[in-house]
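Peer 1: Handing you this structure, nothing more for now.
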Amino acid sequence: MADRTSWWQRGVIYQIYPRSFMDASGDGVGDLRGIADRLDYLEWLGVEAVWISPFYPSPMADFGYDITDHTAVHPLFGDLEDFDALVEEAHRLGIRVLLDYVPCHTSAEHPWFVESRSARDNPKRDWYIWCDPAPDGGPPNNWVAMFGGAAWTFDEGTGQYYNHAHLVEQPDLNWRNRAVREAMLGVMRFWLERGVDGFRVDALRHLIKDEKLRDNPPNPDYRPGDRPFDALLPVYNTDRPEIHDAIREMRRLLDAYGDTTMVGELYLPIERLVAYYGENGSGVHLPANFHLISTPWNAREISALIDAYEGVLPPCAWPNWVLGNHDRSRVATRVGTAQARVAAMLLLTLRGTPTIYYGDEIGMHDVRIPPEGVQDPFEKQTPGLGYGRDPARTPMQWTPDRNAGFCPPAADPWLPLADDYRAVNVAAEREDPTSTLTLHRRLLALRRAEPALAVGSYEPVMAAGDLLAYAREHHGRRFLVALNLGHEPLSSEAPAFEGRVALSTRLDREGEEVVGGVLRLRGDEGVVIEGV
């Protein structure tokens, strides 16, 4: 398989949250020209693709995931000429471009929804999910929105409720309607014609709802303090079998444009996640595997996760791993600064396609947002419960200068900067041979140089306690990855631990011989050993 792999199997995807990556216009908000200006950094880092979160016209109720035009650029981020220039420059540098595709819903201000809610007999009425009130006048069923509250909002003008899996301002499209499906496939075609290399599909499990709109059953494992959405088991408003028909249509369209890829946002148990590869690989290329984010950070549970995932992958499936994104706390905050380096080695040496969230490569952490500075609607609707996403979306830290080089010194960045940006920034870490950034670049270079680490086989190695170990092999080249997920030094003895250290997380053991099968690791340390 390795000799016939596609770029999305060999490569590494880098997620850019455009509001926070680089501000070229000077208004304190990142934009497309800012991304284009920093593509040379991404080439230097060594990533193969960028995934850009939404930049479409939007009232910004959910910062771009509430869209009024899926085939244009919000003036805040630039225009289509800026986008075309970005794609041209990325391709010149050998970097692929993936866009966030948001098929589940639109903004309530989208012309389609404005028409749909204007009258029950409007031709676009059935483009969204409308339903009469329950006998008591309340919502049609008990479905809960992702951000809390009912997943239905009453429209006084037409006397019916409309469905929204997320915010009131984000009505869900009716993908059972053929015209809706054709229109949204047309959106994909529009961007493919402009040269994009694929899509990350937002909220994919929400795409189609139960035709009978049945109530969801209660979740027996729900506890006070959990997200309101988790009070019910979402069996009738997510992960419906009809979704796979729609995915096959998306996939056929993508395949017509050559070596493209589709990543699906899917927060699902592993056994359900892998179903999205589709029959004989006809589904999503990479159903996003977020389980590293939620699995307790200890060697035994992570080892069990990897084994479980590898054990259920269909024969045609290519794995993938995610450690951070714009919806979850940053990895350095979750596991600590020292273990974040170990986490980087894990992410970039496991079998499968990794995704790096912008700023994780320099060790950015969550930033406390004062109540008066909160931007995220999730935090505003569920204050104080810890679900706010602003802390992980703060501006990229480029330099030790004012505003971290993200925007001009006189501008006010849309979210506050971390208090350590003068030390934790790209400029400083590029000059430091032992920095977190240097570690990422070295890992990416090793991965590109050694097919065993990019597309080779995966084999768990027996380990105990805080040690996580596995082997990667391809055409006779074998590497052993050993990670100490604890804070104390450890020593382990096994025949597999023979060879030479190719890379260590502290960047100070390269070339060291591992003899006699005895491996010693310092606390919070990982090594890649080239086998003999």
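The values are calculated or read from the model by the stated rules, or taken from the named source; none is laboratory data. Predicted, not measured: the structure shown is a model, and the values here were computed from it. Here Cβ is always computed from backbone atoms with ideal geometry, including for glycine, and neighbour counts include all displayed protein chains. What goes into the accessible areas is simple: the full protein's heavy atoms, side chains included, and nothing from ligands, DNA or RNA. Shrake-Rupley method; radii C 1.70, N 1.55, O 1.52, S 1.80 Å.
Peer 1: Per residue of the chain, what 222 nm ellipticity follows from adding -39500 (n - 2.57) for every DSSP H run with n ≥ 4, rounded to the nearest 500?
Peer 2: -7000 deg cm²/dmol
Peer 1: Test of understanding: express the Cα radius of gyration of the range 225-266 as a ratio to 2.2 N^0.38 Å, with N the residue count.
Peer 2: 1.66
Peer 1: How much length would be gained if the chain were fully extended between Ser294 and Lys380, taking 0.36 nm per residue of separation minus their Cα-Cα distance, in nm to one decimal? Each step should come with its number before you reach the end.
Peer 2: Details: separation 86, 0.36 × 86 = 30.96 nm, distance 2.32 nm.
Full-extension gain reported as 28.6 nm.
Peer 1: Taking only C-alpha pairs under 8 Å that are 6+ residues apart, what is the relative contact order of the chain in percent?
Peer 2: On the way: 1120 pairs, mean separation 67.1, N = 532.
Relative CO of the chain lands at 13 percent.
Peer 1: Per residue, how much accessible surface does the range 208-248 expose to a 1.4 Å probe? Answer in Å², no decimals.
Peer 2: Details: 2210 Å² over 41 residues.
Heavy-atom SASA per residue in the range 208-248 reads 54 Å².
Peer 1: Tell me the chymotrypsin sites (Phe, Trp or Tyr not before Pro) within the range 104-133 that lie in a loop according to DSSP and have at most 12 other beta-carbon atoms within 10 Å.
Peer 2: On the way: sites: Trp112, Phe113, Trp127, Tyr128, Trp130; in loops: none.
Those that pass, being in a loop and sparsely packed, number zero.
Peer 1: Over the range 100-173, with every protein chain in place, what whole percent of the accessible area is carbon and sulfur at 1.4 Å, could you tell me?
Peer 2: Here it works out to 53 percent.
Peer 1: Using only the alpha-carbon atoms of the range 253-327 as identical scatterers, what base-10 log of I(q)/I(0) does the Debye formula give at q = 0.12, 0.16, 0.17, 0.25 Å⁻¹?
Peer 2: Debye output, listed in q order: -0.35, -0.60, -0.67, -1.22.
Peer 1: Can you give the accessible area of Ile362 in Å² (nearest 10), computed on protein heavy atoms with a 1.4 Å probe?
Peer 2: The accessible area of Ile362 comes to roughly 0 Å².
Peer 1: If I stretch the segment between Asp40 and Arg10 completely, what's the gain in nm (0.36 nm per residue apart, minus their alpha carbon distance), one decimal?
Peer 2: 8.8 nm
Peer 1: Using the alpha carbons of the range 144-269, what is the convex hull volume per residue in cubic angstrom, as a whole number?
Peer 2: Considering the Cα atoms of the range 144-269, their hull volume per residue is 140 Å³.
Peer 1: Hey, if you put +1 on the Cβ of every Lys and Arg and -1 on every Asp and Glu Cβ in the chain, which of Ser118, Leu446, Gly64 ends up farthest toward the positive end of that dipole?
Peer 2: Projecting each Cα onto the dipole axis, the largest value belongs to Leu446.
Peer 1: Roll a 1.4 angstrom probe over the protein heavy atoms and tell me the percent of accessible area of the range 401-474 that is carbon or sulfur. Kindly include the intermediate steps, with their values, before the conclusion.
Peer 2: Working: 1680 of 3280 Å².
Ligands and nucleic acids excluded, carbon and sulfur reach 51 percent.
Peer 1: Can you list the residues of the range 332-367 with backbone N under 15 Å from a point 7 Å past the Cα of Ala85, pointing along Cα to Cβ?
Peer 2: Under cut-off, by backbone N: nothing.
Peer 1: How about the range 47-126: which trypsin sites (Lys or Arg not before Pro) there are in a DSSP loop, with at most 14 other Cβ atoms within 10 Å of their Cβ?
Peer 2: Arg120
Peer 1: Expressed as a fraction of 2.2 N^0.38 Å, the rule-of-thumb size for a compact globular protein of N residues, what is the C-alpha radius of gyration of the range 24-173?
Peer 2: That ratio works out to 1.30.
Peer 1: Can you give the convex hull volume of the alpha carbon atoms of the range 344-493 per residue, in Å³? Display every interim value, and only then the final one.
Peer 2: Details: hull volume 24.6 nm³, N = 150.
Normalising the Cα hull of the range 344-493 by residue number yields 164 Å³.
Peer 1: Right, next: Be a star and scan the range 52-75 for residues whose amide nitrogen sits under 17 Å from the point 7 Å along the Cα-to-Cβ vector of Val114.
Peer 2: Under cut-off, by backbone N: 57-61, 66-75.
Peer 1: Here is a further query. Please list the radius of gyration and Dmax for the range 410-532, considering alpha-carbon atoms only, with Å as the unit.
Peer 2: Computed over the Cα atoms of the range 410-532, radius of gyration and Dmax are 17.2, 60 Å.
Peer 1: Can you grab the distance from the C-alpha centre of the range 428-465 to the C-alpha centre of the range 1-35, Å, no decimals?
Peer 2: 20 Å
Peer 1: Now for a different question. Dividing the Cα convex hull volume of the range 488-532 by residue count, how many Å³ per residue is that? Display every interim value, and only then the final one.
Peer 2: Working: hull volume 2.5 nm³, N = 45.
Cα-based convex hull of the range 488-532, divided per residue, equals 57 Å³.
Peer 1: Also, quick follow-up: Please work out how much length the chain gains when fully extended from Leu507 to Ala134, using 0.36 nm per residue of separation minus the C-alpha to C-alpha distance, in nm with one decimal.
Peer 2: Result for the pair: 127.9 nm of gain on full extension.
Peer 1: Hey, another quick one. Do any GluC sites (Glu not before Pro) in the range 170-221 lie in a loop, going by DSSP, with at most 15 other beta-carbon atoms within 10 Å of their beta carbon, and if so which?
Peer 2: Glu211
Peer 1: A follow-up question, please. At 10 °C and a viscosity of 1.306 mPa s, what translational diffusion coefficient does Stokes-Einstein give for the range 324-379, taking Rh as the Kirkwood radius over Cα pairs? Give it in µm²/s as a whole number.
Peer 2: This corresponds to a translational diffusion coefficient of 126 µm²/s.
Peer 1: Using only the alpha carbons of the chain, what is the convex hull's orientation-averaged projected area in square nanometres?
Peer 2: Working: hull surface 98.0 nm².
Result: 24.5 nm².
Peer 1: Let me test this: with uniform point scatterers at the alpha carbons of the range 393-436, what is the Debye-based log₁₀ I(q)/I(0) at q = 0.17, 0.24, 0.28, 0.32 1/Å?
Peer 2: So the normalised log intensities work out to -0.42, -0.76, -0.96, -1.16.
Peer 1: Along its principal axes, what span do the Cα atoms of the range 198-339 show, with the longest given first and each in whole Å?
Peer 2: Taking max minus min along each principal axis of the Cα atoms, the range 198-339 gives 45, 39, 28 Å.
Peer 1: Give me the accessible area per residue for the range 1-64, probe 1.4 Å, as a whole number in Å².
Peer 2: In whole numbers, the range 1-64 has 28 Å² accessible per residue.
Peer 1: Would you kindly calculate the mean projected area, averaged across all directions, of the convex hull enclosing the Cα atoms of the range 144-200, in square nanometres?
Peer 2: On the way: hull surface 22.1 nm².
Averaged projected hull area, Cα only: 5.5 nm².
Peer 1: Between Arg477 and Arg272, take the C-beta separation as r, use R0 = 41 Å, and let me know the FRET efficiency to the nearest 0.05.
Peer 2: My answer for the efficiency is 0.70.
Peer 1: Which value, to two decimals, describes the C-alpha radius of gyration of the range 324-426 once divided by 2.2 N^0.38 Å?
Peer 2: Dividing the Cα radius of gyration by 2.2 N^0.38 Å gives 1.13.
Peer 1: Can you give me the % of accessible surface on the range 181-242 that is carbon or sulfur? Probe 1.4 Å, all protein chains present, nothing else counted.
Peer 2: 50 percent
Peer 1: Considering the alpha-carbon set of the range 409-482 alone, what are its Rg and its Dmax in angstrom?
Peer 2: For the range 409-482, the Cα radius of gyration and maximum Cα-Cα distance read 18.6, 57 Å.
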